[in-house]
1. Is it true that LEU105 is more than 17 Å from the chain's Cα centre (by Cα), over 29 Å from ARG350 (Cβ atoms) and buried (at least 17 other Cβ atoms within 10 Å of the Cβ)?
2. Test ARG110 against the criterion of being part of a loop (DSSP other than H, G, I, E, B), among the basic types (Lys, Arg) and at pLDDT 95 or above, and give yes or no.
3. Looking at GLU284, GLU334, GLU279, can you tell me which residue is over 30 Å from PHE229 (Cα atoms), outside the structural domain of MET14 (by TED's automatic domain parsing) and surrounded by fewer than 18 Cβ atoms within 10 Å (Cβ to Cβ)?
4. Test ALA288 against the stated conditions and say whether it is modelled with pLDDT of 95 or more, of a type in the set (Gly, Ala, Ser) and not in a helix (DSSP H, G or I).
5. Looking at (1) outside any helix (DSSP H, G or I); (2) at pLDDT 95 or above, which one does GLY70 not meet, given that it meets all the others?
6. Applying the selection to region 367-383, what residues are without any contact (Cβ under 8 Å) to a residue 60 or more places away in the chain and either under 30 Å from ASP227 (Cα atoms) or under 18 Å from the mean Cα position of the chain (by Cα) (or both)?
7. Identify the residue in region 338-348 that is in contact with a helix residue (DSSP H, G or I) (Cβ under 6 Å, 6 or more places away or on another chain) and closer than 19 Å to GLY266 by Cα and, among all such residues, is surrounded by the most Cβ atoms within 10 Å (Cβ to Cβ).
8. Can you find, within region 132-173, the residue that is farthest from GLY401 (Cα to Cα) among those that are of a type in the set (Phe, Trp, Tyr) and either touching a helix residue (DSSP H, G or I) at 6+ places or on another chain (Cβ under 8 Å) or outside any helix (DSSP H, G or I) (or both)?
Amino acid sequence: MSIQYHQTTLDNGMTIIAETDDDAHSSAAGFFVKAGARDEATKIMGVSHFLEHMMFKGTDDLSAEQINQGFDDLGASNNAYTSRELTCFYASVLPEHFSSAQTLLAKMMRPALRQDDFDTEKGVILEEIAMYADNPFWVLYEEAIARHYQTHGLGHRVLGTKESITALSRDQMADYFNQRYAADKTVVALAGKVDFDQAVTQINELCADWQQSVGERETQMPKVGADTFTLKDERVNRGYLIGVAQAPAANDDQRYAAALLAQMLGGMDNSKLHWALIETGIAEEAQAGYDGLDGTGDYFVYASGDPDKLDSIWDVTLKQIRALKDSITQEELECLRSKMATAAMVAAERPGGRMQRLGRLWTMTGEYQPLEDELEKIESITLDSLRSLCDQYPIDKCTLGKMIPA
């Protein structure tokens, strides 16, 4: 692949980055806004995700139908998502439709925020919250994250709560939009068959009048808890547990080792928890994961099974966590390094995957890292670096939550 990297910053502070490939058969664009659940005041928790929905409800010049039909007419693969860290709006199209797709994305980023649209969509958000409330993993995970980060914004629920969304007003959303959806908080990532200079000219024409942001994100290491709690729910008949522990930040090169370590401990198959809990019939589900964040990061360990066996499930899980440092083998390391490298390469084979990697990495770190450098960092993970990580970020020092039948 003949990948060329480009970067520029507009006068209003907006950054545009691209990995162009003249041989690609598609083009991709994404607007990455540094606005997520952690940036919200607690009383307006969920506004970032709600605002994501409102972007599709129309602008002063375009109706919701025109936006949706516009993407359909271009044959676009488009969507949006919100996390604790950012909100992203993206589209992949054939190269001949790229300019039109980029125009549509830029225009929808300035929504009308009409009161009647706001009122209608509030009902949709409340239904979504209710739907997730029926998912034991999600309920337990959100509660554990909230308790782990205590009063810090990283403990906020991405969807918000029934109470915060019900009380949220259209004007509060508009104020948040004006503070966070600003030029200097937005990165436009492009990939595939793209004329970069032409794209920059077009984005500048569409976005030159975007406002500057108000305030900066707090990225100091937050104070975290390590308590234990139990939820009782009459709707469940199984037992669930989750542990949340600190991990390397998104801009820490140890993030690659952390992701590999989490996979080794609790990947969906052939992991230590899989063999110790699922293959032995002790638990029905077992997994672990890593999430690199701005200024910090976290691991989670999750399992479910017979409520009467929940303590035994945690004992086995804890045993595997504490034995992890000394049980890592060179063979396991080489296998998982290959899997990580393969996943990175497969994602990069499509412009849409490159665009996502490019945009998320820049939003979180403010840096560009070629795929080749990332592969080198994955290959440089050693047994010593994994063992050191186990000491530096002990997974057993966690906030532990359980859910059992009422």
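1. no
2. Judged against the criteria, ARG110 is a match.
3. Matching residue, one of GLU284, GLU334, GLU279: GLU334.
4. Here the answer is yes, as ALA288 does meet what is asked.
5. The single condition GLY70 does not satisfy is (1).
6. Selection gives nothing.
7. Selected residue: MET340.
8. Restricting to residues being of a type in the set (Phe, Trp, Tyr) and either touching a helix residue (DSSP H, G or I) at 6+ places or on another chain (Cβ under 8 Å) or outside any helix (DSSP H, G or I) (or both), the top hit is TYR132.
The values are calculated or read from the model by the stated rules, or taken from the named source; none is laboratory data. No experiment lies behind these values; they were computed from the predicted model shown. Neighbour counts run over all protein chains shown; Cβ positions are idealised from the backbone, glycine included.
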